[in-house]
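Asks: This structure is in structure tokens; I'll ask about it shortly.
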Amino acid sequence: MNSESRIVMVTGGARSGKSALAESMISRIPDHRIYIATAEAWDDEMTQRIKLHRDRRADGWTTLEEPIDLSGALARTDDGKTVRLIDCLTLWLSNVMAQGDPGPHVDALCAQLRAQHGPVVLVTNELGLGIVPDNALARKFRDQHGWMNQAIAGIADEVWMAVSGLSLRLKPQRETS
């Protein structure tokens with residue numbers, strides 16, 4: 001994350017290191033860090049995943065749990081200097097799809113990202129590299145997720161991909177001489 005980037009997207013597969021990469025990007029900021037968590041602990045396994053994320057973060061984070069209203073959470077926390085980390089858009093999309101059409105939620109999030117004064121780092125999964133799911137609901141989720149990621153990446157100043165614990169900058173592309 002460079003000093004001019006306001007919106008940074010970090011994508012990757014499951015257990016690729018994307019959350020750790022996103023956290024490391026803003027760990028140098030001594031204060032004014034908010035972790036916006038979208039996960040809900042519906043079972044023991046998810047409770048354990050959330051605990052692992054909490055334990056990995058050092059002191060200096062304020063956690064805001066917001067499974068649905070990300071645009072509202074960003075509006076409420078945008079003071080121009082506080083960096084916000086949203087982890088993760090994939091779980092958030094699942095939450096909003098359970099309520100119906102995700103389109104208005106994604107549109108509201110994109111509008112709010114464009115209006116931000118302070119930096120935002122968003123973590124999302126890359127689902128489009130796998131096989132085509134065998135059922136309509138899973139295909140619909142994968143498609144909606146891909147469209148959401150394209151929209152966020154289009155807004156983002158920087159886009160990074162984590163693969164096997166390594167990071168690859170996708171946007172802006174490196175200039176070649």
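Nothing in this text is a laboratory measurement; each read-out follows from the coordinates by a stated rule. As the structure is a computational prediction, the values presented were derived from the model and not from experiment. All Cβ positions, even for glycine, are placed from backbone atoms using ideal geometry, and neighbour counts span all protein chains on display.
Asks: Tell me, what ³J(HN,Hα) does each residue in the stretch 101-114 have, in order and in whole Hz, if you take phi through Karplus 6.51 cos²θ - 1.76 cosθ + 1.60 with θ = phi - 60° and put x for Gly and Pro?
Replies: 5, x, x, x, 5, 5, 4, 5, 5, 4, 4, 5, 4, 5
Asks: Rounded to the nearest 5, what % of the DSSP beta bridges within the chain are antiparallel ones?
Replies: Roughly 15 percent of the DSSP beta bridges within the chain come out antiparallel.
Asks: Restricting everything to alpha-carbon atoms, can you work out Rg to Rh for the chain with a Kirkwood hydrodynamic radius?
Replies: 0.94
Asks: Within the stretch 19-106, which trypsin sites (Lys or Arg not before Pro) sit in a loop by DSSP and count at most 10 neighbouring Cβ atoms inside 10 Å?
Replies: In loop regions of the stretch 19-106 (DSSP not H, G, I, E or B), the sparsely surrounded trypsin sites (Lys or Arg not before Pro) are R28.
Asks: For the chain, what does the helix formula give at 222 nm: sum of -39500 (n - 2.57) over DSSP H segments with n ≥ 4, over the residue count, nearest 500 deg cm²/dmol?
Replies: Computed ellipticity for the chain at 222 nm equals -12500 deg cm²/dmol.
Asks: Another question, then. Pull up all non-local amide H partners of R6: gap of 5 or more, or a different chain, and H-to-H distance under 5 Å with H placed in the peptide plane.
Replies: D157
Asks: Still on this model: Only Cα pairs under 8 Å and at least 6 apart count here; give the relative contact order of the chain as a rounded whole percent.
Replies: Once normalised by length, the contact order is 36 percent.
Asks: Let me ask something else about it. Tell me the trypsin sites (Lys or Arg not before Pro) within the stretch 102-177 that lie in a loop according to DSSP and have at most 14 other beta-carbon atoms within 10 Å.
Replies: Those satisfying the criteria are R174.
Asks: Okay, moving on. 7 Å from Cα along Cα→Cβ at both Q48 and L137: what's the point-to-point distance in nm?
Replies: 2.4 nm
Asks: Of the options L170, A153, W92, report the single residue whose Cα projects farthest towards the positive end of the charge dipole of the chain (beta-carbon charges: Lys, Arg +1; Asp, Glu -1).
Replies: Result: L170.
Asks: Roughly how big is the chain's charge dipole about its Cα centre, with Cβ charges of +1 (Lys, Arg) and -1 (Asp, Glu), in debye to the nearest 20?
Replies: About 460 debye.
Asks: Considering amide H positions built from the backbone, and no H for Pro or chain starts, which residues 5 or more places from E65, or on another chain, come under 5 Å of its amide H?
Replies: Those lying under 5 Å, H to H, from E65 are A37.
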